[in-house]
């Protein structure tokens, strides 16, 4: 059974940092590009960042470029999202996804003072 | 960025009805269009990929069509468990972008 389990979400003050993790199992993690997608409360979906199978290529939406870093550890089947200089508009549920196919249940990130 | 215009935003239909949801891309995205179903409090679920390919395990009453800029998701006979919000996603070019969603309710 495919599982993607996100962790690391919490309440954080604006300007601070947070790191999300996504542990994968049930499929060949190293064969899939991976991504983070977010959804602000009562809003639509927003594709945040993508990483290639090797980790050699990454893509970010403009609003997070320079602040967020996506990475992966294929030996541990784990995806990460380092989020720095957080803003209130980053408040959302963050989903880990295997390029849009498999999805985790999401982790809530709240940025507020 | 490619804009995805999804319609309608809200849809009320009866069990057994044929339901169609549309997505229009602001430029050609070939067939790089996915459809997702999201139930309240849950993660999105992939229904259709690359415009018309049914994801494994998804009931055959769901189908997708279109190419270029105009795409359609069809539910041939609405079931109670289909109550959800539906999103389209273009994955032709970065940044990937979603439609705003269609909330489907039972009449």
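Looking at residue A:81, is it surrounded by 20 or more Cβ atoms within 10 Å (Cβ to Cβ), part of a loop (DSSP other than H, G, I, E, B) and modelled with pLDDT of 95 or more?
no
Checking residue A:107 against (1) within 14 Å of another protein chain (Cβ to nearest Cβ); (2) more than 18 Å from residue A:5 (Cβ to Cβ), which single condition isn't satisfied?
Checking residue A:107 against (1) within 14 Å of another protein chain (Cβ to nearest Cβ); (2) more than 18 Å from residue A:5 (Cβ to Cβ), the one that fails is (2).
Among the residues of segment B:38-47, write down those that are under 16 Å from residue B:63 (Cα atoms) and facing another protein chain (nearest Cβ under 8 Å).
Hits for segment B:38-47 are B:45, B:46.
Tally the residues that are within 11 Å of chain A (Cβ to nearest Cβ) and more than 10 Å from the chain's Cα centre (by Cα), restricting the search to segment B:6-37.
Going through segment B:6-37 one residue at a time, the tally reaches 2.
Among the residues of segment B:98-107, write down those that are surrounded by 19 or more Cβ atoms within 10 Å (Cβ to Cβ) and either away from chain A (no Cβ under 14 Å) or assigned to a loop (DSSP other than H, G, I, E, B) (or both). Let's see the steps before the verdict.
Step one: list which residues in segment B:98-107 are surrounded by 19 or more Cβ atoms within 10 Å (Cβ to Cβ), which gives B:98-99, B:101-102, B:104.
Of everything in segment B:98-107, those that are surrounded by 19 or more Cβ atoms within 10 Å (Cβ to Cβ) and either away from chain A (no Cβ under 14 Å) or assigned to a loop (DSSP other than H, G, I, E, B) (or both) turn out to be B:99, B:101, B:104.
Spot the failing condition for residue B:40; the list is (1) within 21 Å of residue A:93 (Cα to Cα); (2) more than 13 Å from the chain's Cα centre (by Cα); (3) in a strand (DSSP E or B), and only one is missed.
Every listed condition holds for residue B:40 apart from (3).
Among the listed residues A:56, A:26, which satisfies the condition of being loosely packed, with under 15 Cβ neighbours inside 10 Å, more than 11 Å from chain B (Cβ to nearest Cβ) and closer than 22 Å to residue B:36 by Cα?
Working: A:56 fails: closer than 22 Å to residue B:36 by Cα.
Matching residue, one of A:56, A:26: A:26.
Can you find, within segment B:77-97, the residue that is surrounded by the most Cβ atoms within 10 Å (Cβ to Cβ) among those that are away from every other protein chain (no Cβ under 12 Å) and assigned to a loop (DSSP other than H, G, I, E, B)?
Going through the qualifying residues, I end up with B:78.
Report the residue count in segment B:45-68 for those that are farther than 12 Å from residue B:89 by Cα and part of a loop (DSSP other than H, G, I, E, B).
9
Among A:55, A:66, which is under 26 Å from residue A:25 (Cβ atoms) and either in contact (Cβ under 8 Å) with a residue 12 or more places away in the chain or part of a loop (DSSP other than H, G, I, E, B) (or both)?
That would be A:55, the only listed residue that is under 26 Å from residue A:25 (Cβ atoms) and either in contact (Cβ under 8 Å) with a residue 12 or more places away in the chain or part of a loop (DSSP other than H, G, I, E, B) (or both).
Tell me yes or no: at least one residue of segment A:89-99 is outside any strand (DSSP E or B), touching a residue at least 60 places away in the same chain (Cβ under 8 Å) and either closer than 23 Å to residue B:38 by Cβ or touching a strand residue (DSSP E or B) at 6+ places or on another chain (Cβ under 9 Å) (or both).
yes
The values are calculated or read from the model by the stated rules, or taken from the named source; none is laboratory data. Since the structure is predicted, the reported quantities are computational estimates derived from the model, not experimental observations. Don't worry about glycine lacking a Cβ; one is built from the backbone with ideal geometry, like all the others, and counts go over all protein chains shown.
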